[in-house]
1. Assuming R0 = 51 Å, can you tell me the calculated FRET efficiency for the pair B:Ala160 and A:Ile38, based on Cβ-Cβ distance, to the nearest 0.05?
2. Could you list which residues have their amide H under 5 Å from that of B:Ala36, counting only those 5 or more apart in sequence or on another chain, with H placed in the peptide plane?
3. In Å and on Cα atoms, what radius of gyration and Dmax does the protein assembly as shown show?
4. Determine ³J(HN,Hα), in whole Hz, for all residues of segment A:14-19 in sequence, where each value follows from phi through the Karplus function 6.51 cos²θ - 1.76 cosθ + 1.60 and θ = phi - 60°; x replaces Gly and Pro.
5. Note down the magnitude of the dipole of the protein assembly as shown about its Cα centre, charges +1 on Lys and Arg C-beta and -1 on Asp and Glu C-beta and zero elsewhere, to the nearest 20 debye.
6. Could you put B:Tyr226, A:Tyr121 in order, starting from the residue whose Cβ has the fewest other Cβ atoms within 10 Å?
7. Among A:His41, B:His258, B:His263, A:His47, what is the fewest-to-most ranking by other Cβ atoms within 10 Å?
8. GNM on chain A, C-alpha springs below 10 Å: top fluctuator among A:Gly141, A:Gly98, A:Gly119?
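What follows draws every value from the coordinates through simple rules; no lab data is involved. If you're wondering where the values come from, they're calculated on a predicted model, not measured in any experiment. Backbone-built Cβ (ideal geometry, glycine too); neighbour counts: all protein chains shown.
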Amino acid sequence: MVLPPLLVVALFVGIPVVSGVLYTLGHFGGLNSVIASIGLHQHPADHWWGTLAAYREVLTSDTFLRSLTVTVEVTLASVVAVFALGLAVALYARMSGGRTARLVTALAVTPLFLPAVIGSYAILTFYAGDGALTTMAHALGWSSAPRLSYTTWGVIVGQVWTNLPFAVLVLTSGLAAVPDALIEAARDAGARPAQVVLRVLLPMTSVPAVITATFTTIAVLGSFTVPYLVGPTAPTMLGVQLANAFQSFNQPQQSLVTAVVVFALASVVGVAYVRSNVRETRRAASVTR
Amino acid sequence: MTAAAVVRRAGGAVLAALLALFILGPLLWLLPHAFADTWRYPDLLPQGWTLRWWTAVADNPDLVAAVRWSFVFAPVVTLLSAVICLPAAYAFARRDFPGRRFFLVALFSVNAFPKIGLYAAMASLFYTLNLMTTFWGVVVVQLLGTVVFMTWLPAAAFAAVPRSLEEAARDAGAGPLTVFWRVTLPLARPGILVALIMSFLAAFDEAQGTLLVGAPTYTTMPTAMYSMVTNYPEGVAAVFSLLLSVPSVLLMLGVRRHIMGGHLAEGFQLR
């Protein structure tokens with residue numbers, strides 16, 4: 001029963017990834033023969049295991065290093081912002097629970113239902129030089145208001161917009177799982193709202209917090225649509241960089257090297273996610289035992 | 001009302017207003033663009049209004065075809081994904097077999113590899129299998145984005161069904177299939193519904209892989225949107241964005257309760 005999805009993933013993801021990695025090492029046979037016959041500026045294998053020439057070329061290039069820096073910066077800033085905003089919404093919903101709270105949650109979840117390309121285009125128009133913010137600022141007498149479209153700040157805004165719903169959903173449900181009795185007990189013992197949050201709610205939502213942080217990190221690291229549409233032409237995030245290498249420059253080998261780097265960054269985060277989950281499962285098992 | 005309650009209520013109103021501006025502002029700003037004839041900065045409203053962007057979209061056969069293909073691919077992909085993944089989800093929830101957690105993580109690795117890099121790597125395989133520029137090629141490429149949702153979320157939903165209920169039904173003489181159809185499935189339904197919605201949205205939203213595999217024969221709304229942003233007048237892109245938002249908003253109004261129910265978060269806790 002488990003086999004069908006695993007076979008689909010093994011065939012259409014596993015095999016291409018393995019052969020893609022072999023291709024980055026300079027192995028041009030088998031599945032890679034088509035791509036190797038049309039790619040430009042390739043480094044063929046010179047040892048039995050291959051060559052690191054493509055990695056050396058990509059990893060030492062200025063464009064790559066600038067993209068890597070931007071990618072790490074955007075990812076860190078976006079994850080912090082998504083987490084903070086998501087937590088504010090979730091905490092507000094948990095602590096107040098009225099009609100405004102439901103409205104706030106519904107608003108925060110809205111982007112989940114809209115294609116990222118629509119969100120990115122809307123953000124691009126909204127924060128443009130003739131967009132809503134500059135127009136309103138001008139009406140209020142500030143004629144030199146900055147625009148965010150085609151800037152790295154705009155990319156961060158777009159990432160927060162697209163990734164907020166997942167954070168809110170996961171954190172809201174994590175906070176909802178904390179029993180009311182615990183919160184009331186803390187209040188009876190004289191805890192102020194801030195103490196309830198810091199001492200009761202946050203410690204009990206560590207797994208949802210890890211899920212939010214890791215999934216947002218992985219989503220932002222590998223993102224394409226937001227940085228492609230909203231961001232500047234250069235420096236771009238690695239997702240755009242590898243698409244450019246593949247489509248515009250016809251350098252599939254360099255493109256896949258970049259993909260491997262992004263995957264390596266994402267797996268570091270993925271391992272943290274799996275480990276925290278495993279630890280939590282063990283802890284839960286030992287409590288119930 | 002106490003002072004603290006007033007502060008909290010005001011804080012809530014500010015949070016709601018800022019969030020509305022941040023989330024809805026960009027979408028609402030597209031609305032006048034879809035009807036604007038000429039609109040010079042820094043005027044707050046357009047100088048003239050027109051419907052010509054709407055007729056431009058309606059008269060463009062490529063754009064109409066993109067709308068149609070979007071509504072063909074997303075349901076086909078969602079159904080196929082359900083057929084492939086739901087039995088696996090049940091097995092992950094109910095059987096303990098060696099490598100169970102490893103396989104769950106293996107499915108997740110699809111999401112950890114940058115999508116665009118994955119498609120670049122997949123291109124060779126698609127050429128070899130003659131899937132390039134084919135209907136099923138597009139289906140496969142969109143299907144990959146749904147696998148994690150369609151396995152993890154239903155697995156958590158199945159796992160949450162109390163075994164005692166199933167055993168009680170069995171004691172009352174129900175066969176395994178009856179137990180599944182009458183007890184397990186109804187109780188797991190909300191989680192499965194969330195998985196179906198997430199998969200539909202993932203397929204509906206997929207643009208990069210569809211562009212690589214399907215273009216120029218199979219263009220969906222998001223892939224058409226890419227070329228529109230760069231090649232068409234602003235008004236046309238605004239109209240198309242609004243059209244693309246309609247199914248999403250309808251879907252959202254219909255299923256918000258289920259999405260908010262915590263099934264999403266539950267599904268992402270590896271057990």
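1. Numbers: r = 50 Å, r/R0 = 0.98.
Working from the Cβ atoms, E equals 0.55.
2. Result for B:Ala36 returns B:Thr50.
3. 24.5, 78
4. x, 4, x, 5, 4, 5
5. Numbers: 31 positive and 21 negative charges, 340 e Å.
That gives a dipole near 1640 debye.
6. Values: B:Tyr226 19, A:Tyr121 27.
So the residues, fewest neighbours to most, are B:Tyr226, A:Tyr121.
7. Values: A:His41 13, B:His258 18, B:His263 26, A:His47 9.
Result, fewest neighbours first: A:His47, A:His41, B:His258, B:His263.
8. A:Gly141
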